[in-house]
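Engineer: This is the structure, below, for whatever I ask next.
The values are calculated or read from the model by the stated rules, or taken from the named source; none is laboratory data. Keep in mind that this is a model prediction, so the values were computed, not measured. Cβ placement follows ideal geometry from the backbone for every residue including glycine, while neighbour counts extend to all protein chains displayed.
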Amino acid sequence: MSAGPATPPIRTRLTELTGIRYPIVQTGMGFVAGARLTAATSKAGGLGIIGSATMTLDELKAAVRDVRERTGAPFGVNLRADAPDAAERIELVIAEGVKVASFALAPRREHIARLKEAGLVVIPSVGARRHAEKVAEWGADAVVVQGGEGGGHTGPIPTSLLIPQVVSCVDIPVVAAGGFFDGRGLVAALAYGAEGIAMGTRFLLTSDSPVADAVKQVYLSKTLTDTVVTTSVDGVPHRVLRTPLIDALERSGPAGRLVRAVRSAAAFRGLSGLTWREMLREGAAMRHGSELTWSQVLMAANTPMLLRAAMVDGNSDLGVMAAGQVVGVIDDLPSCAELINRVMAQAHECLCRLRDQT
Ligand SMILES: Cc1cc2nc3c(=O)[nH]c(=O)nc-3n(C[C@H](O)[C@H](O)[C@H](O)COP(=O)(O)O)c2cc1C
């Protein structure tokens with residue numbers, strides 16, 4: 001173990017709950033937040049979270065053990081509440097002694113109850129006030145609240161309005177997400193009454209992230225207006241980099257989308273090892289109960305493969321690259337330790353400046 005980071009901590013209910021030094025969360029991101037990124041974040045004093053939605057059960061177990069070998073610091077696992085094997089995943093996380101569980105979509109009440117009974121800290125991610133109120137009522141310990149500028153699945157309300165609104169409505173600690181990248185943002189989030197920040201895109205763009213270098217360069221070249229929220233990938237609003245593939249999907253009518261979805265499903269079926277039946281079942285589970293067209297069901301089933309094509313295989317033409325608008329103000333690839341120390345140092349400077357001004 002190293003002597004530990006030099007920057008002084010900032011204590012909040014989030015750091016107390018989870019036992020971390022700094023109120024900074026690296027969120028669970030499919031194909032991005034594996035053992036290496038998670039361990040690097042937690043080792044640097046933040047809360048690393050494994051993105052398990054795109055892992056098999058065995059891969060998840062291996063990733064948890066890998067993180068534990070790399071660091072003794074607390075870390076979490078991000079789960080998909082609507083995964084067909086969600087209950088099994090929850091038991092695995094409990095059996096492996098993971099400290100924090102997070103959820104991509106609002107969890108079910110019984111998921112929270114089981115995890116709490118086993119002594120885990122439960123921190124779901126939400127994008128709307130009513131969902132924050134619901135998970136608070138169901139016993140969640142804290143909630144990550146993501147504003148519309150955030151990457152991946154996202155809502156319409158900007159962080160600057162959603163965070164103060166939710167902070168006023170729930171008593172549990174709120175962790176602000178969507179658009180954060182530096183110490184000024186951390187102080188702004190604390191000023192709104194949040195108790196920490198969660199960042200996705202910023203951690204994707206670190207030297208500890210496993211994303212292919214060519215794909216990181218694509219992200220680094222983007223400006224503040226180069227992302228788009230589209231429902232054409234999997235039927236729900238998803239903030240991604242604007243690429244020719246996304247433009248083509250957006251332009252296609254229902255028939256064009258179906259053709260494209262079938263073609264894409266055929267191409268990816270081999271890669272994923274899924275049968276058509278499994279693929280459709282997987283797509284339907286993702287959308288649980290909502291009214292979907294066939295092309296949307298197919299695209300939903302394809303989504304992991306589309307993300308994988310970019311994130312793992314480095315194919316930015318074929319793949320979908322989830323990204324927050326914040327991508328437009330990021331221009332380097334620090335290590336997680338450098339990033340966290342930088343954010344904390346800037347936050348302390350900012351707090352001193354504000355103190356001097358009052
Ligand atoms: C590439 C990528 C993949 C993501 N995958 C997931 C996921 O699997 N589960 C989840 O809860 N959120 C996921 N998200 C959302 C992030 O966890 C996080 O809430 C979001 O990135 C915050 O906004 P920011 O990008 O502005 O920091 C993903 C985001 C990105 C950029």
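Engineer: Quick check: anything in region 232-241 within 12 Å of the ligand (Cβ to nearest atom), part of a helix (DSSP H, G or I), in contact (Cβ under 8 Å) with a residue 60 or more places away in the chain and crowded, with 21+ Cβ neighbours inside 10 Å?
Structural biologist: no
Engineer: Oh, and also: For the condition closer than 15 Å to residue 328 by Cα and among the hydroxyl-bearing types (Ser, Thr, Tyr), what is the one hit in 227, 231, 159, 154?
Structural biologist: 227
Engineer: So residue 126 ticks every box in (1) within 20 Å of residue 78 (Cβ to Cβ); (2) touching an Asp or Glu at 6+ places or on another chain (Cβ under 7 Å); (3) within 12 Å of the ligand (Cβ to nearest atom) but one. Which box is left unticked?
Structural biologist: Here residue 126 meets the rest and fails (2).
Engineer: Taking the stated definitions as given, is residue 207 polar (S, T, N, Q), within 18 Å of the chain's Cα centre (by Cα), assigned by TED's automatic domain parsing to the domain that holds residue 33 and more than 16 Å from the ligand (Cβ to nearest atom)?
Structural biologist: yes
Engineer: What tally of residues in region 134-155 results from selecting those that are of a type in the set (D, E, K, R) and out of contact with any helix residue (DSSP H, G or I) (no Cβ under 6 Å at 6 or more places or on another chain)?
Structural biologist: So the answer is 2.
Engineer: Those residues that are farther than 13 Å from residue 199 by Cβ and not in a helix (DSSP H, G or I), I need them from region 7-43; list them, please.
Structural biologist: 7, 8, 9, 10, 11, 12, 19, 20, 21, 30, 31, 34
Engineer: How about region 133-169: which of its residues are in a helix (DSSP H, G or I) and not polar (S, T, N, Q)?
Structural biologist: 133, 134, 135, 136, 137, 161, 162, 163, 164, 166, 167, 169
Engineer: Scan region 50-63 and tell me whether some residue there is in contact (Cβ under 8 Å) with a residue 60 or more places away in the chain, closer than 21 Å to residue 118 by Cβ, assigned to a loop (DSSP other than H, G, I, E, B) and within 12 Å of the ligand (Cβ to nearest atom).
Structural biologist: The answer is yes; a qualifying residue exists.
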